[in-house]
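Inspection log for the structure reproduced underneath, given as structure tokens.
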Amino acid sequence: MKDAQKPDHITLNTLISRLKEGRFVIPDFQREFEWRPWNIKDLMRSIFLDYYIGSRLLWKGKKENFQALSCEIVYGYDGTTGQHPWNYGNGKPEYIVLDGQQRLTALYYAFIAPDVPLPNRASRAVYFVHVDKFMGEQYDEAFQYDWLSKRFSKIINNREVQYAEHIFPLSVLGAGGWDLPNWVQGYEAFWKQAVSDAQSANDTTKAEIAIFHAENAEAFGEHLKGITEEYQVAYIELDKDLEVDKVCDIFTQINSRGIRLDVFGLVNALLKPKGLQLKHMWREAAPRLEFIDTGKMNVYILQVIKTEGLDLHF
């Protein structure tokens, strides 16, 4: 089919806006979101350092395809953990994510900061940048997350404290509107005022430190502007008129830079055109195997499903 695959790219700012609008949905044959908190942190580091983060494979959707693939909303959208049909809440579904779901969901979690815990965690994680360490090129220490401890809850709700401690919450990027420029202007103004106060007190040492931070604040603001407006995220868009079985076939052949397709994911993709919703069966079977801590969990779940009466043959 001519133009069945169209490579393209969008800015980070546009991608965040589309995530907030609920334009991306996850097909039933995709695995659950399962990135570790440090994986998300590393992704944020890559973006801020202008590294390539891989491409997404998207299928331009239509209502019958959203329903045929039992698409679910991105993890965390509208405060949910993803297990809702395509038309849930205020979402405006447009694209079915065939590859890059883990990274896309990680972007949503870090920048939009939904009030839900990460998978298999009791607490919500909040991501932020230590501006002073970032500007000092201490990149390994600059990107961090916190489990919304009592101390950090006070920081996240108080911009004066954020400015004083050089903490930039990534949720500011996801807030949209004037939130980002207001934060940057406030940060710069905070340290310019510190310069003025130190000079009035004839404290040369404090004045020099404050001048340094004020200059860093301005430079960091320029860096943020560049990230949001110029950083490009690549994707390939499949034509919306492709058949479901063809799309499932494409999915099984993906060699992703993310978490690779395993036995469970492969069987799930192969079964989908037959009308079998393996992920829902997985969710029912999983609690029986909670006592097992193993990377082969999906294989064992398949065995439990089989004992329930589904004989898997291809």
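The values are calculated or read from the model by the stated rules, or taken from the named source; none is laboratory data. Please read all numbers here as calculations on a predicted model, not as lab measurements. Virtual Cβ from ideal backbone geometry, glycine too; neighbours counted across all protein chains shown.
Does at least one position in the range 95-112 carry a residue that is surrounded by fewer than 18 Cβ atoms within 10 Å (Cβ to Cβ) and either in contact with a His (Cβ under 7 Å, 6 or more places away or on another chain) or not basic (Lys, Arg) (or both)?
No, every residue in the range 95-112 fails to be surrounded by fewer than 18 Cβ atoms within 10 Å (Cβ to Cβ) and either in contact with a His (Cβ under 7 Å, 6 or more places away or on another chain) or not basic (Lys, Arg) (or both).
Limited to the range 30-65, what total is found for residues that are at negative phi and assigned to a loop (DSSP other than H, G, I, E, B)? Outline the logic, then answer.
Keep residues of the range 30-65 that are at negative phi, which gives 30-49, 51-53, 55-65.
Keeping just the survivors that are assigned to a loop (DSSP other than H, G, I, E, B) gives 30-36, 49, 51-53, 55, 61-62.
Qualifying residue count for the region: 14.
Out of (1) crowded, with 19+ Cβ neighbours inside 10 Å; (2) closer than 21 Å to Asn90 by Cβ; (3) modelled with pLDDT under 90, what's the single condition that is false for Phe29?
(2)
What's the number of the only condition in (1) surrounded by fewer than 12 Cβ atoms within 10 Å (Cβ to Cβ); (2) in contact with an Asp or Glu (Cβ under 7 Å, 6 or more places away or on another chain) that Glu160 fails to meet?
Every condition holds for Glu160 apart from (2).
Out of the residues in the range 2-26 that are on the phi < 0 side of the Ramachandran plot and more than 16 Å from the chain's Cα centre (by Cα), which is modelled with the highest pLDDT? It would help to see each step written out before you state the result.
Our first condition is that a residue be on the phi < 0 side of the Ramachandran plot; within the range 2-26, this holds for 2, 4-21, 23-26.
Okay, now just the ones that are also more than 16 Å from the chain's Cα centre (by Cα), so 2, 4-9.
On the way: Lys2: 51, Ala4: 61, Gln5: 67, Lys6: 75, Pro7: 78, Asp8: 87, His9: 91.
In this case the residue turns out to be His9.
So Leu118 ticks every box in (1) touching a Pro at 6+ places or on another chain (Cβ under 8 Å); (2) part of a strand (DSSP E or B); (3) in the same structural domain as Ile236 (by TED's automatic domain parsing); (4) of a type outside the set (D, E, K, R) but one. Which box is left unticked?
That leaves (2) as the condition not met.
Just checking, does the range 140-159 include any residue being at pLDDT 95 or above, assigned to a loop (DSSP other than H, G, I, E, B) and in contact with a strand residue (DSSP E or B) (Cβ under 9 Å, 6 or more places away or on another chain)?
The answer is no; no qualifying residue exists.
Six or more apart or on different chains, Cβ atoms under 7 Å: show the pairs whose first residue is in the range 233-250 and assigned to a strand (DSSP E or B) and whose second is at pLDDT 85 or above and among the hydroxyl-bearing types (Ser, Thr, Tyr).
From residues that are assigned to a strand (DSSP E or B), the pairs are Ala234/Ser55; Tyr235/Ser55; Ile236/Ser55.
When you scan the range 169-191, do you find a residue that is closer than 30 Å to Asp115 by Cβ and part of a strand (DSSP E or B), even just one? I'd like the intermediate steps shown before the answer.
Let us first name the residues in the range 169-191 that are closer than 30 Å to Asp115 by Cβ, namely 169-190.
Filter again for part of a strand (DSSP E or B), leaving 169.
Yes; the residues of the range 169-191 include at least one that is closer than 30 Å to Asp115 by Cβ and part of a strand (DSSP E or B).
Within the range 185-239, restricting attention to residues that are closer than 30 Å to Tyr51 by Cβ and among the β-branched types (Val, Ile, Thr), which residue is surrounded by the most Cβ atoms within 10 Å (Cβ to Cβ)?
Among those residues, the one meeting the criterion is Val233.
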